[in-house]
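The values are calculated or read from the model by the stated rules, or taken from the named source; none is laboratory data. Computed from a prediction, not measured in an experiment: that's the story for all the values here. FYI the Cβ positions are ideal-geometry reconstructions off the backbone, even for glycines, and counts take in every protein chain you see. Ligands, DNA and RNA are excluded from the accessible area calculation, which covers all protein heavy atoms including side chains. Shrake-Rupley method; radii C 1.70, N 1.55, O 1.52, S 1.80 Å.
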Amino acid sequence: MNPNLKRKLLGMLMAFFLCFVAAAEPVQSFSRLPDHISMFSGQQGKLQLAMPVQAVASVDRPEVVQVNGSFHHAQQISLRNPIQLTSQQAGSAQVKLKLFGTIPLKTVNVDVMPELKVVPGGQTIGVKVKSAGILVVGHHLVHGGSGGKASPGESAGLKLGDLLTSMNGVPLDNVTKVAAIVDQAGKANKPLDIIFKRDGHEMRTKLSPAFDEQDQTWRLGLYIRDSAAGVGTLTFYAPHQKVYGALGHVITDMNTQTPIEVGSGEILQSNVTSISRSEEGEPGEKRAHFLKDSRVLGDVQRNTPFGIFGKMKDKPEHSLYPEPIPVGLSGEVRVGPAEILTVVEGQQVERFNVEIIHVSKQDAPATKGMVLRITDPRLIKKTGGIVQGMSGSPIVQNGKLIGAVTHVFVNDPKSGYGCFIEWMLQDSGVLPAKPDRPKNLKAS
């Protein structure tokens, strides 16, 4: 046989073999085996490899996690059958699998937390936040005396999304402070010493105000803002910690699309007055207003990729659940029916049927945890699907709070993304965050 032809045939056979092995169920199940599992005390889970071989499963702390119901540190098992894990008490343990008792196969770290229950929300809330400084949202040209036009702020290197925190040593916690500082510097013909943040890093620059001949005043050549307001949905209330979570996604500035670093803020009661229905290519929205006698429900302390979080003194009104319900961690979420809680009129929270059509495997926090589709005819008739202002609506499955609605698919408004409640609870401080979590955008 021609040597070249022989090599080609051998290569084709090898490629076919590798594809066959990669597609085999044992290999597929092994690739899905997690490195880390979180469980609540008393909860059961399982590891499934579907491999027709014998192995030894060992656990360093059987008082925290039992393997197949045994208190022994090690035992002989068949990987053909699921490995049952039963959490006993709060703590951390390692489950190690060795083929034939000698060849290391997999180590799974298991964290067991005390049982947690929270009150699902669904209430529409008004959100008011002030940034921890003054946000640059645009540049504008100043008309100088010689007829020239320029933006002093742009010349000083300031960009959209920069957060000005200090001018000439004066902390900037309110936009009303700026005009007097700029006027004083302009009249003294001295540049402003500005401290600002960009991408989390503190930086400095010098900015020389320009005199606007048209308005007869000193200008920075910047459009600036220090606050934002909007409407969203409350996701949960943790009564023991007096902590809430809402929105399910970060609040960004509408002009720069940069996350707002929260200096202070509050959430208030809100009343849904009407809804603009979602259509293909054009998401709708809840129209709501803050009630004239709205009481403040809580403060805003954090703005993170998974929503806003803060303290709330009392259980919110209009809740569908008189008592807290269990939390379902990401590993418990399944494709299938569920329900969301939200308001479509006034302040009354209602249940609506949805179908979870995809669940992502997430060993670390990520925003797009699941894909859901609205199946409830009443909600489709009223809203057309998911609308703006519905983000944060709790998702409940099998009697457990598992996540929150976060985004709508623009071209298919009956479908959208949800995040796992586990990540929201970590950002709220109710659950401990993993050491490798990125820093949140916390209040200063």
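Against the numbered list (1) without any contact (Cβ under 8 Å) to a residue 24 or more places away in the chain; (2) touching a His at 6+ places or on another chain (Cβ under 8 Å), Leu222 comes up short only at (1). Residues in the range 377-398 that are open to solvent by 10 Å² or more (accessible area, probe 1.4 Å) and under 27 Å from Gly331 (Cβ atoms) were compared, and the one that is modelled with the highest pLDDT is Gln397.
Residues in the range 348-362: is at least one on the phi > 0 side of the Ramachandran plot and either open to solvent by 10 Å² or more (accessible area, probe 1.4 Å) or modelled with pLDDT of 95 or more (or both)? First the steps, then the outcome.
Quick first cut of the range 348-362, residues on the phi > 0 side of the Ramachandran plot only: none.
Looking through the range 348-362, none of the residues is on the phi > 0 side of the Ramachandran plot and either open to solvent by 10 Å² or more (accessible area, probe 1.4 Å) or modelled with pLDDT of 95 or more (or both).
Scanning the range 303-337 for residues that are of a type in the set (Gly, Ala, Ser), open to solvent by 10 Å² or more (accessible area, probe 1.4 Å) and farther than 23 Å from Ala288 by Cα yields Ser330, Gly331.
At least 2 residues being within 25 Å of Val118 (Cβ to Cβ) and of a type in the set (A, V, I, L, M) is the threshold, and among the strands (runs of 3 or more DSSP E) wholly inside the range 278-320 those reaching it are 296-299. Within the range 92-104, residues that are surrounded by fewer than 16 Cβ atoms within 10 Å (Cβ to Cβ) sit with their Cβ atoms under 7 Å from residues that are basic (Lys, Arg), at 6+ positions apart or across chains, in these pairs: Pro104/Lys98. Of Ile134, Ile103, which residue is β-branched (Val, Ile, Thr), out of contact with any Gly (no Cβ under 9 Å at 6 or more places or on another chain), over 30 Å from Ile325 (Cα atoms) and modelled with pLDDT under 90? Sole residue among the options that is β-branched (Val, Ile, Thr), out of contact with any Gly (no Cβ under 9 Å at 6 or more places or on another chain), over 30 Å from Ile325 (Cα atoms) and modelled with pLDDT under 90: Ile103.
The condition of being at pLDDT below 95 and under 22 Å from Asp193 (Cβ atoms) holds for only one of Ser151, Ser146, that being Ser151. Residues in the range 139-165 that are over 23 Å from Leu247 (Cα atoms), out of contact with any Gly (no Cβ under 8 Å at 6 or more places or on another chain) and open to solvent by 10 Å² or more (accessible area, probe 1.4 Å): His143, Gly144, Gly145, Ser146, Gly147, Gly148, Lys149, Ala156, Gly157, Lys159. Taken together, the criteria exclude Lys286 from residues that are over 25 Å from Ile402 (Cβ atoms) and in contact (Cβ under 8 Å) with a residue 12 or more places away in the chain.
Table: residues versus (1) part of a loop (DSSP other than H, G, I, E, B); (2) crowded, with 18+ Cβ neighbours inside 10 Å.
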| site | (1), (2) |
| --- | --- |
| Asp183 | no, no |
| Lys197 | no, no |
| Thr205 | no, no |
| Asp215 | yes, no |
| Asp226 | no, yes |
| Ala229 | no, no |
| Gly232 | no, yes |
| Ser264 | no, no |
| Ser274 | no, no |
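Confirm whether Arg219 is closer than 16 Å to Ile134 by Cα, at pLDDT 95 or above and touching a strand residue (DSSP E or B) at 6+ places or on another chain (Cβ under 6 Å). Spell out the reasoning first.
Numbers: closer than 16 Å to Ile134 by Cα: yes; at pLDDT 95 or above: no; touching a strand residue (DSSP E or B) at 6+ places or on another chain (Cβ under 6 Å): yes.
In short, no.
Against the conditions (1) within 36 Å of the chain's Cα centre (by Cα); (2) free of Cβ contacts under 8 Å to residues at least 60 places away in the same chain; (3) farther than 21 Å from Glu115 by Cβ, where does Lys46 fall short? Just the number, please. Of everything listed in (1) within 36 Å of the chain's Cα centre (by Cα); (2) free of Cβ contacts under 8 Å to residues at least 60 places away in the same chain; (3) farther than 21 Å from Glu115 by Cβ, Lys46 misses just condition (3).
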